[in-house]
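Right, one structure below, let's go through it.
The values are calculated or read from the model by the stated rules, or taken from the named source; none is laboratory data. This one's a predicted model, so the numbers in the text were calculated from it and none came from an experiment. Don't worry about glycine lacking a Cβ; one is built from the backbone with ideal geometry, like all the others, and counts go over all protein chains shown.
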Amino acid sequence: MTQQRRTALKELQKLDVRILDARQRIRDFDPMFEEVEAPALILEGDLEKSRKRLQEMQLEERRLESSTEEKRERLKRLDERSASVRNLREEAAVSAELEMVKRGLQNDEQEAFTLLDQVGRVGERVAELESAFAEASQLVEPRRDELLAERERAKKDLEILEGEREICAGAIDPAEMRIYDAIRGREGQRAAVSELTEDGACGNCFGVVPLQHQNEIRHGDTLIRCEACGVILAAPEPVEEAADEGAEEDSEGASEDSSSDLDGDEEAPEADDPTEAVEAKEDA
Ligand SMILES: [Zn+2]
């Protein structure tokens, strides 16, 4: 029955389109995660740089300190020596050296003073960045958790669809299945099944289908592909019959509507009128 209008193949194609969508939806989360994490990541990068700068300055501070210490030692020794000079020449030499060391010490002190000021400012910047980063991280976490949960749901949806696809594919003739897969291609982006239009054209490329093929398609025994674009051609769902009878149209519409009917929806018209349901099934 289902073979005749290739209903299962059409259903499979619908599922495959939804599966592609679901996969894309899951991929779409990647840039969203990046967007959420970006502000905190930028702050983290700035913080790292400032911390490194502070560390380097503190190292420089220590180097200056020991250099100052060394110069003070030297001054002390020169002072001692100046007390025990034996002649003017020696005195001149010692005082020249004293002058030089004193100047060096002054330079060191000036440098240390500037450095101390800079260390203070960079230290303040680090503290600022630390609190901004902590704040940004706190904001990131709930949003990221939200996104993670949403992505989990999208993954579950995909799993359900893949399960439905497996069941659907199991009901399809393996030879038809191979043709279907080959047409859709590895990316699965191409249409593989299309209905014949009312005026006998391919529903995919709208090329006219030869009359004999049209009859074979409507009969449904053999699988016919469009000569122009290669899609598997399926007979259209019977709208004419449904148009004759309003109620039947309703029941058709409901059974086409979604898969939720399979879950035993009591409101489905089939439940009210068993004969009509049988008719509808035979049509399908
Ligand atoms: Zn075509």
message: Quick check on segment 81-89. Is at least one of its residues in the same structural domain as Gln24 (by TED's automatic domain parsing) and within 30 Å of Ile19 (Cβ to Cβ)?
response: no
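Considering segment 201-237 alone, what residues qualify as being part of a loop (DSSP other than H, G, I, E, B), more than 42 Å from the chain's Cα centre (by Cα), more than 10 Å from the ligand (Cβ to nearest atom) and surrounded by 15 or more Cβ atoms within 10 Å (Cβ to Cβ)? Quick ask: steps written out before the conclusion?
Taking segment 201-237 first, the residues part of a loop (DSSP other than H, G, I, E, B) are 203-207, 209-210, 220-223, 226-231, 235-237.
Then drop every residue that is not more than 42 Å from the chain's Cα centre (by Cα), which leaves 209-210, 220-222.
Then keep just the ones that are more than 10 Å from the ligand (Cβ to nearest atom); that gives 210, 220-222.
Within segment 201-237, Gly220 is the sole residue that qualifies.
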field: Residue that is farthest from Gly230 (Cα to Cα), among those in segment 174-193 that are surrounded by 15 or more Cβ atoms within 10 Å (Cβ to Cβ) and more than 32 Å from the chain's Cα centre (by Cα)
entry: Glu176
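Each row is one residue, and each column tells you yes or no for (1) in contact with a helix residue (DSSP H, G or I) (Cβ under 9 Å, 6 or more places away or on another chain); (2) loosely packed, with under 12 Cβ neighbours inside 10 Å; (3) among the charged types (D, E, K, R).
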{"residue": "Ala38", "(1), (2), (3)": "no, no, no"}
{"residue": "Ser50", "(1), (2), (3)": "yes, no, no"}
{"residue": "Arg62", "(1), (2), (3)": "no, yes, yes"}
{"residue": "Glu70", "(1), (2), (3)": "no, no, yes"}
{"residue": "Asn87", "(1), (2), (3)": "no, yes, no"}
{"residue": "Glu91", "(1), (2), (3)": "yes, no, yes"}
{"residue": "Leu98", "(1), (2), (3)": "yes, no, no"}
{"residue": "Gln110", "(1), (2), (3)": "no, yes, no"}
message: So Arg186 passes all but one of these: (1) within 16 Å of the ligand (Cβ to nearest atom); (2) in a loop (DSSP other than H, G, I, E, B); (3) modelled with pLDDT under 95; (4) not hydroxyl-bearing (Ser, Thr, Tyr). Which condition number does it fail?
response: (1)
task: Would you kindly identify the helices (runs of 4 or more DSSP H) lying entirely within segment 1-101 that contain at least 3 residues that are under 26 Å from Ala136 (Cβ atoms)?
output: 29-83
Count of residues meeting criterion [under 16 Å from Leu148 (Cα atoms) and of a type in the set (Lys, Arg)] in segment 1-57: 3
